[in-house]
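Asks: One structure coming up, written as structure tokens, with questions to follow.
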Amino acid sequence: MRSPGPHRDQRPSPRPVEPPRAQRREAPGPHSAAHLLTDRLRLDAVVPDDLDEHFALMSDPGVWAHLPSGRHREPARTMEGIRHSVGHWDRDGLGYWTARLRADLPGTALRAGDVVGTGGCALRVGTSWWNLYYRLTPPAWGRGLAAELVDAALAAAHAVAPERPVVAYLLEHNVQSRGRAERAGLTLLWRGPDAGNPDPSAVRLVYADRPLADDVLAHITELA
């Protein structure tokens, strides 16, 4: 299997950015990735004040086209996820970001400052690997923004704790996400049933940025 992908094409690392003083919340540990810039995105650690924008994203049926049962129906569910993400940052020095545009996105109605998604790498409680995750608003799909977010997430995970593998759980029928994982250098390690999915035919895939020991992969697939 190939070595971790984000380094192979020598893309520039995301740039740290100093947030306004009133919004500043430093992540713990030697590497602060709480606020980063990519070419077109501003990535800021998720905070409770992001609730309205996150609920608008997570309640959009288009966002959940590949998993309709995942759609958020109440803001309380979204806030629960935000609190988990705040805990990731406080505990591990890395978690999920709110992704905002740095400039208007040509060909869309999306403008500078708009929230276009969320994602990053986080260490779920009781696990030893980084979980790679992202969701973008449908008008932002197919424009390379997912690549910017995923590359930033992988680079941050490798900087904060390079000994931990990065793992992505994907649905087989989500061809776009599969392609994005593979282009980022992740390799398919497991294919099996998607436990708990209302669709009994759904197939879950596990990708990782490196080979994994059998016991680690077994633990990962238990949570698939």
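Asks: For the range 135-172, what are the residues that are within 15 Å of Glu182 (Cβ to Cβ) and either in a strand (DSSP E or B) or of a type in the set (A, V, I, L, M) (or both)?
Replies: Across the range 135-172, the qualifying residues are Ala146, Ala147, Val150, Leu154, Val166, Val167, Ala168, Tyr169, Leu170, Leu171.
Asks: Return the residues of the range 194-224 that are within 23 Å of Pro162 (Cβ to Cβ), among the charged types (D, E, K, R) and assigned to a loop (DSSP other than H, G, I, E, B); say none if nothing qualifies.
Replies: Passing the criteria: Asp209, Arg210.
Asks: Within the range 51-70, can you find the residues that are loosely packed, with under 15 Cβ neighbours inside 10 Å and either in contact with a helix residue (DSSP H, G or I) (Cβ under 6 Å, 6 or more places away or on another chain) or of a type in the set (Ser, Thr, Tyr) (or both)?
Replies: Of everything in the range 51-70, those that are loosely packed, with under 15 Cβ neighbours inside 10 Å and either in contact with a helix residue (DSSP H, G or I) (Cβ under 6 Å, 6 or more places away or on another chain) or of a type in the set (Ser, Thr, Tyr) (or both) turn out to be Gly62, Ser69, Gly70.
Asks: Then there's this: Could you check the range 35-50 and list, in sequence order, the residues that are part of a helix (DSSP H, G or I) and surrounded by fewer than 20 Cβ atoms within 10 Å (Cβ to Cβ)?
Replies: Correct list: Pro48, Asp49.
Asks: So, of the residues in the range 86-122 that are assigned to a helix (DSSP H, G or I) and charged (D, E, K, R), which turns out to be surrounded by the most Cβ atoms within 10 Å (Cβ to Cβ)?
Replies: If we take residues in the range 86-122 being assigned to a helix (DSSP H, G or I) and charged (D, E, K, R), then Asp92 is surrounded by the most Cβ atoms within 10 Å (Cβ to Cβ).
Asks: Right, here's the next one. For Arg77, are the conditions met, namely being within 25 Å of Asp215 (Cβ to Cβ), of a type in the set (D, E, K, R) and either part of a helix (DSSP H, G or I) or in the same structural domain as Leu36 (by TED's automatic domain parsing) (or both)?
Replies: Answer is no for this residue.
Asks: Can you go through Leu189, Leu205, Leu154 and tell me which one is in the same structural domain as Ala112 (by TED's automatic domain parsing), modelled with pLDDT of 95 or more, surrounded by 15 or more Cβ atoms within 10 Å (Cβ to Cβ) and touching a strand residue (DSSP E or B) at 6+ places or on another chain (Cβ under 9 Å)?
Replies: Every option except Leu154 fails the conditions.
Asks: Turning to a different aspect of this structure: Of everything in the range 178-198, what is free of Cβ contacts under 8 Å to residues at least 60 places away in the same chain, of a type in the set (Gly, Ala, Ser) and closer than 23 Å to Leu145 by Cβ? Give them in sequence order.
Replies: Result: Gly179, Ala181.
Asks: Can you find, within the range 108-127, the residue that is farthest from the chain's Cα centre (by Cα) among those that are of a type in the set (Gly, Ala, Ser) and at pLDDT 95 or above?
Replies: Among residues in the range 108-127 that are of a type in the set (Gly, Ala, Ser) and at pLDDT 95 or above, the one farthest from the chain's Cα centre (by Cα) is Ala109.
Asks: Is it the case that Leu171 is outside the structural domain of Gly93 (by TED's automatic domain parsing) and not charged (D, E, K, R)?
Replies: Yes; evaluated as a whole, the condition is true for this residue.
The values are calculated or read from the model by the stated rules, or taken from the named source; none is laboratory data. Just so we're clear, the structure is a prediction, and the values are computed from it rather than from any experiment. When we count neighbours, we look across all protein chains shown, and the Cβ atoms used for this are built from the backbone with ideal geometry, even at glycine.
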